[in-house]
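The values are calculated or read from the model by the stated rules, or taken from the named source; none is laboratory data. All values reported here derive from a predicted model rather than from experimental measurement. Glycine gets a Cβ as well: all are built from the backbone with ideal geometry, and neighbour counts include every protein chain shown.
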């Protein structure tokens, strides 16, 4: 991913108001983001734990999506259970994967329509696939595919998610 500025980041959100985009908390290490290792920028809001944000390059432009973490009261996942991220296909134990929903853009979003996906709870898909970060299970699922194919899979899955939000 190309390095982006704070201004570019705040102006690219498609499913929240401009005021919400101005007020969102940037990742604490935004300036030091490992851009060369990122297929998209994703982070959880430290001030609002049920919020997350994702910015990706799709169709030659930046697209930002505001996300909400679904909560399931009384249904905590145990340490021994595992879940799969729908973007990078990394397997996590416990709370390493979270159901995140995004309000659709435009009229559909105004009517309350949302799209949800199970994503790495820390949105570090790119780092898991490249072996820069590890899950409790180790280096994620080694499916034998070369890195280029894993990156292409992330981009294809992410493009499909972004398209479902923007559609």
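The set of residues in region 135-148 that are at pLDDT 70 or above, surrounded by 12 or more Cβ atoms within 10 Å (Cβ to Cβ) and over 17 Å from the mean Cα position of the chain (by Cα) contains only 145. Just one of the listed residues (78, 94, 112, 106) is more than 20 Å from residue 156 (Cα to Cα), at pLDDT below 95 and touching a strand residue (DSSP E or B) at 6+ places or on another chain (Cβ under 8 Å), and it is 112. When residues in region 1-43 are screened for being free of Cβ contacts under 8 Å to residues at least 40 places away in the same chain, loosely packed, with under 13 Cβ neighbours inside 10 Å and closer than 13 Å to residue 55 by Cα, 5 of them pass. Among the residues of region 114-134, those identified as assigned to a loop (DSSP other than H, G, I, E, B) and closer than 21 Å to residue 49 by Cβ are 121, 122, 123, 124, 133.
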